[in-house]
Amino acid sequence: MPRLKHYLSKTAPDQQKSSVIAHLAALDHLENTSPEIASAIVAELEDQRSHLKLIASENYSSLGVQLAMGNWLTDKYAEGYPFHRFYAGCEHVDAIEERGKTLAERLFQAEHAYIQPHSGADANLIAFLAILIDKIQSPLLEKWGKKGVDELTKDEHEQLRDLLVHQKILGMSLNSGGHLTHGFRMNLSSKLMQAIHYEVDPGTEQLDYKKIEEQAVTEKPLILLAGYSAYSRKIDFAKMREIADKAGSVLMVDMAHFAGLVAGRVFEGPYNPIPYAHIVTSTTHKTLRGPRGGLILCKKELAPFVDKGCPLAMGGPLPHVMAAKAVAFEEALQPSFQTYSKKIVENAKALGESFQKRGVRPVSGGTDNHLLVLDISSFGLNGRQAESALREASITTSRNTVPYDKKGPWYTSGIRVGTPALTTLGLGTAEMDEIADMMVDVLKNARGGEKSQYVLDPATKEKTRERVLNLLRRFPLYPELVLE
Ligand code: DSN
């Protein structure tokens, strides 16, 4: 296996030198102890540098965010929450979590933040359990005159469990753009409660608030869940709250995809979920550009339940990731983050227009956020074939169902593209047109076969790879970090 050689870029600004040296030192160390791992880390950097990253849920975090994770904080257990732990020696984790929590509350102007969830899925699970305890379990215990679940008889336990699993959750279906943790039949969320779904309107492919209201008022779900992983329009959270109030539901918003657009003040007024939702969950690594992880923001009333993420659904938090979340929140509080967020949306809109100009249909006709779902069926390809052909040509996307897709989530009729990562690199609207041009060229020159089989014209592949490299050379990833 070749040894890695790296040196500090002569062009690195002074303030970046220390983080560059830290990354190089880490790789040096790993080359000696775990060369396969060092090699894979470097290969991943090379991959990310040589492919256009259009996965809507990915980004490039700062070297500062990355460095906050690579240290001895990973060795500490800290079950509990700040200043209330089940382990000794948590003073410094307390300081880190408290700082991250305060920054998150400031960034989102939220009443309470909980920064422990390891992922968006964890955050959603904790939110569901917190709502179930607050709205169902606690009133029942009070009615029965019990202080806690440990005082319940076997029969009372059964009654409580029966009541919990019969609660309803109403969220956007996976096919319409919702997330699998929003009650998808294969996910725990649909076992924990009775999951029902609203769809986008088949004509506009957008949310129909009147229909959602009718459904909510009829079904009276405990939780009305708004949020998505593949919907390209803004959601009016003021309307969603009105609907939740009429149905007697708790409004939960999963803003994992668009948290950065909320933090960057692009989604304001009714499009900012924080003032309207009882509880908001998120990830920290998508548009928010932090470390891989989850986050919960909620009204004060839910805070005592949310803070019990451990033992509800988690064990120990990840102190090193909480430190990196704090660094990311600090970065998102800088004015430059607002400029960044605006550009994400400008780029997505430009990309959508460029596809439309070339005859490719974005679901719902366009975008208000950071992503587009493109219906690529007119190319005679399914989403899986399109995703693979594009990847061969150095363009990384993810296949996705379009609303009412007959091909299902494995093959799909669409691909999802997003602009958060490329905007971080500094690409702008002119480059979006070039990207749409390259992608359409690849899709036109790929021939679909059975299932995942396809053939991409070799000349198109080579030409596109070259075009991608030429483009990315102008917008290098971590230019201060040079590897040879
Ligand atoms: N996997 C994420 C996405 O791509 O949207 C959501 O969990």
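Worth a mention:
- Qualifying positions in region 255-266 - part of a helix (DSSP H, G or I) and within 16 Å of the ligand (Cβ to nearest atom): A259, G260, L261
- Evaluation of M438 against (1) within 30 Å of G264 (Cβ to Cβ); (2) within 16 Å of the ligand (Cβ to nearest atom); (3) assigned to a helix (DSSP H, G or I); (4) not polar (S, T, N, Q) (one fails), failing number: (2)
- Failed item in (1) closer than 24 Å to V345 by Cβ; (2) surrounded by fewer than 19 Cβ atoms within 10 Å (Cβ to Cβ); (3) touching a residue at least 60 places away in the same chain (Cβ under 8 Å), with R465 passing the rest: (1)
- Residue among L207, L224 that is in contact (Cβ under 8 Å) with a residue 40 or more places away in the chain and touching a Ser or Thr at 6+ places or on another chain (Cβ under 9 Å): L224
Residue by residue, here is whether (1) modelled with pLDDT under 95; (2) hydrophobic (A, V, I, L, M, F, W, C); (3) more than 25 Å from S62 (Cα to Cα) holds:
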residue	(1), (2), (3)
L333	no, yes, no
T339	no, no, no
E346	no, no, no
Q356	no, no, yes
V360	no, yes, yes
Q385	no, no, yes
A389	no, yes, yes
I395	no, yes, no
N400	no, no, yes
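- All positions within region 113-128 that are closer than 14 Å to L225 by Cα and either among the aromatic types (F, W, Y) or more than 16 Å from the ligand (Cβ to nearest atom) (or both): F128
- In region 411-427, the residues that are more than 18 Å from S354 (Cβ to Cβ) form Cβ pairs under 8 Å with partners that are among the β-branched types (V, I, T), at six or more places apart or across chains, as follows: T412/T401; T412/V402; S413/I376; S413/T401; S413/V402.
- When region 45-104 is filtered for residues that are of a type in the set (D, E, K, R), in a helix (DSSP H, G or I), under 22 Å from the mean Cα position of the chain (by Cα) and surrounded by 16 or more Cβ atoms within 10 Å (Cβ to Cβ), the ones remaining, listed by number, are R49, E97, K101.
- Among the residues of region 109-145, those that are within 16 Å of the chain's Cα centre (by Cα), surrounded by fewer than 24 Cβ atoms within 10 Å (Cβ to Cβ) and not hydroxyl-bearing (S, T, Y) comprise H118, A121, D122, L125.
The values are calculated or read from the model by the stated rules, or taken from the named source; none is laboratory data. Given the structure is predicted, the values throughout are model-derived calculations rather than measurements. With ideal geometry, Cβ positions are generated from the backbone for all residues, glycine too; neighbour counts draw on all protein chains shown.
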